[in-house]
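The values are calculated or read from the model by the stated rules, or taken from the named source; none is laboratory data. Remember, it's a predicted structure, so these values are computed and weren't measured experimentally. Ideal geometry is used to build each Cβ from the backbone, glycine not excepted, and the neighbour counts take in all protein chains shown. Calculation scope for accessible area: heavy atoms of the full protein, side chains included, ligands and nucleic acids excluded. Shrake-Rupley method; radii C 1.70, N 1.55, O 1.52, S 1.80 Å.
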Amino acid sequence: MRAYVKGRRGNDVKVIKYMKINNPKWMMYTKKADFNALAEKFHISPVTARILRNKDICDEAEIERFLRADMKDMYDPFLMKDLKKAVDILEEKIKAGKKIRIIGDYDVDGVSASVILYKGLKSLGAEVDTDVPDRVKDGYGINNRLIDLALDEGIDTIITCDNGIAAKEAVQYAKDKGLTVIVTDHHEPPDELPEADAVIDPKQKICKYPYSQLCGAGVAYKLMVAMGVSEEVQRELLKFAAIATVCDVVELRDENRIIAKNGLKAINEDEAKIGGDEGPGFNKGLHALFLSNGLSGKEIGVYHIGFVIGPCINAGGRLGSAKEAIDLFLEEDPAKCTKQAKDLTDQNVRRKSMTEDMVRKACNEIEKKYEDDVIVVYIPECHEAIAGIVAGRIKERFYRPTFVMTDAEGGLIKASGRSIEGYNMFEELKKCDDLLEKYGGHEMAAGLSIKKENIDTFSKRLNDNLNQFESRRNQIAPLHIHVRL
């Protein structure tokens, strides 16, 4: 483990780059239980029993359900608020031949959710297409430009996925223009919800669904199950729900574990096989992506999804358009799938090279400002789509809250931030509200727009506001140990 630390000799400041830390802060989970008894009862090892206890899975029925992870244990989708309302609306629109547009997001979850909704609705006879915001031009989520485009193209109904719960103004704009709007999302709802025709998000306080931690694709999958898509289609959709569940790093328990386990099982039985057995639910684009990354014939696990396939899907949304990944998974021509999969794989290679280059440049800049405990580094040429990745790498290397800033359209500077334990990045941004044009995020990650002339003041205020964080200046990353063998 390495950290960036400072040393002083008299009045001179000395920089010690990447000093190796031999005494990391060990954090041992020691929750108690009779692990031998649990192991005997459920025919598992005591180590597995300890893991379950550390996950706070203690009730015997919950343990049984966790270990079984059977599709029959999935909850009734109609328990989700407004889901029945959405099904009724969509059935009516399909019957009337109305044009439906899916507006997703540019990450793996948004891409997967878009594919799920498109394939599910298409199988039911819907006239449906997809659109995705441009990461640079539009930013996150549904917006007025996308709504105007939908109106120009004769769209009657918009379904959001992996976004929309906080888009009150955009949804109202769509409603004022006469569009029907269904929101499907999984993010934390704001105090004021959008006044859509149906709002599906299991995190809503008034939603009675038993499990609130589904990703956006998980919510989309439940909607399509409720719509009554065939078992063959469900099998294909489950694979994309599993990919998104892994890549969106939601907790792997309850329904998420069921989705991930059974979706990966289906992938290994279909797309990951050498030659690809084009049986029910087979996706040619997904098979081509496994081939392009040399994974055909291998046992696919969460590592391959999270660190190989996921980044390729994301690469389109970062360096090109997320539509490239969506188009790949909707394509039926094997030759086109091969080309599209190679394009995404090549983009991911380029993205990794760009990231390494920007990390090196950022480190060089940080050495000039080594006294700062909250890192604010301005790299004008950094592609804003990889700024968050670079910030994450810098944060891991120096174990400091980190903001990576880059030039954006309109003369503003955009930044992505990644935090460490104990430093609430969003709350700290609130203290700089007067310096920022726009900001958002949560405790561990955030994004913002700022005028160039305010960067130095912003950096100084963040560091001046450390207060309770002051005593953690030279803290190193904690190493969490979940199981003691």
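Where both partners of a DSSP beta bridge lie in the chain, what percent of those bridges are antiparallel, to the nearest 5?
Around 50 percent antiparallel, to the nearest 5.
Measure out, as a whole number of angstrom, how far apart the alpha-carbon centroids of segment 36-56 and segment 73-95 sit.
38 Å
Could you calculate the FRET efficiency of Lys342 with Leu412 from 1/(1 + (r/R0)^6), where r is the beta carbon distance between them and R0 is 51 Å, rounded to 0.05?
It comes to 0.90.
Could you tell me the relative contact order of the chain? Use alpha-carbon pairs under 8 Å, at least six residues apart, and round to a whole percent.
About 14 percent, as a whole number.
Roll a 1.4 angstrom probe over the protein heavy atoms and tell me the percent of accessible area of the chain that is carbon or sulfur.
Accessible surface attributable to carbon and sulfur in the chain totals 49 percent.
Sort segment 69-163 into rounded, prolate or oblate with this rule: let a ≥ b ≥ c be the square roots of the eigenvalues of the Cα gyration tensor; rounded if a/c is under 1.5, and if a/c is not under 1.5, prolate when a/b is larger than b/c, oblate otherwise.
Taking the square roots of the gyration eigenvalues as a ≥ b ≥ c, segment 69-163 is oblate.
From the phi angles alone, apply the Karplus equation (6.51, -1.76, 1.60; θ = phi - 60°) to segment 69-77 and give each ³J(HN,Hα) in whole Hz, x where the residue is Gly or Pro.
6, 9, 4, 5, 8, 5, 7, 5, x
Using amide H atoms built 1.01 Å from N in the peptide plane, name the residues 5+ places from Tyr378, or on other chains, whose amide H lies under 5 Å from its own.
Sorted by chain and number, the residues that satisfy this are Met405.
According to the square roots a ≥ b ≥ c of the eigenvalues of the Cα gyration tensor, what is the shape class of segment 229-275, taking rounded for a/c under 1.5, prolate for a/b larger than b/c otherwise, and oblate for the remainder?
Verdict is oblate for segment 229-275.
So for segment 341-467, Kirkwood radius off the Cα pairs, Stokes-Einstein at 10 °C and 1.306 mPa s: how many µm² s⁻¹?
108 µm²/s
Relative contact order of segment 65-217: what whole-number percent is it, with Cα pairs under 8 angstrom and at least 6 residues apart?
In percent, rounded to a whole number, it is 26.
For Lys273, which sequence-distant residues (separation of 5 or more, or a different chain) have an amide H within less than 5 Å of its own amide H, given hydrogens modelled in the peptide plane?
Gly297
If amide H atoms are built 1.01 Å from N in the plane of the peptide, which residues on other chains or at least 5 residues away come under 5 Å of the amide H of Ile102?
Amide H neighbours of Ile102, under 5 Å, 5+ apart: Asp129, Thr130, Asp131, Ile159.
Quick one: check the C-alpha center-to-center distance for segment 289-315 versus segment 166-201, whole angstrom.
Answer, in whole Å: 34.
Beyond a 24 Å Cα-Cα separation, which of these cross-linked pairs lie in this structure: Lys85/Lys205; Lys137/Lys352; Lys119/Lys352; Lys85/Lys438?
Lys119/Lys352; Lys85/Lys438
Just round it to a whole percent: the fraction of Cα-Cα distances in segment 232-373 exceeding 28 Å.
For segment 232-373, the share of Cα pairs beyond 28 Å comes to 25 percent.
Using +1 on the beta carbon of Lys and Arg, -1 on that of Asp and Glu, and nothing else charged, what's the dipole of the chain about the Cα centre, debye to 20?
The calculation lands at about 2180 debye.
Quick one: Karplus J couplings for segment 379-388, per residue in order, coefficients 6.51, -1.76, 1.60, θ = phi - 60°, nearest Hz, x for Gly and Pro?
Along segment 379-388, the couplings run 10, x, 7, 5, 5, 4, 6, 10, 4, x Hz.
Reachable aspartates and glutamates from Lys431, Cα under 16 Å, same-chain residues fewer than 8 places away excluded?
Of all the aspartates and glutamates, those that pass the test against Lys431 - Cα under 16 Å, at least 8 places apart if same chain - are Glu443, Asp456, Asp464.
Would you calculate a helix-derived [θ] at 222 nm for the chain, using -39,500 (n - 2.57) for each DSSP H run of n ≥ 4 and dividing by the full residue count, to the nearest 500?
Helix contribution divided over all residues of the chain: -13500 deg cm²/dmol.
Per residue of segment 212-224, what does 6.51 cos²θ - 1.76 cosθ + 1.60 with θ = phi - 60° give for ³J(HN,Hα)? Whole Hz please, x for Gly and Pro, Karplus curve as stated.
Result, ordered by residue: 9, 9, 5, 7, x, 5, x, 5, 4, 4, 4, 5, 5 Hz.
Quick check: the angle from helix 83-96's long axis to the longest principal axis of the chain, C-alpha only, nearest 10 degrees?
So the helix axis and the longest Cα principal axis differ by about 50 degrees.
Helix 108-123: angle to the longest alpha-carbon principal axis of the chain, degrees 0 to 90, nearest 10?
Helix 108-123 sits at roughly 10 degrees to that axis.
With every protein chain kept in place and ligands, DNA and RNA left out, what is the accessible area per residue of the chain? Probe 1.4 Å, answer in Å².
46 Å²
Taking the alpha-carbon distance from Lys95 and a cut-off under 14 Å, which aspartates and glutamates remain once sequence neighbours fewer than 8 residues away in the same chain are dropped?
Straight-distance partners of Lys95: Glu127, Asp156.
Heads up, I need the accessible area for Phe282: 1.4 angstrom probe, whole protein in place, Å², nearest 10.
30 Å²
Just order 412-423, 200-211, 295-306, 242-253 by mean Cβ neighbour count inside 10 Å, highest at the front, would you?
Highest mean packing first, the order is 242-253, 412-423, 200-211, 295-306.
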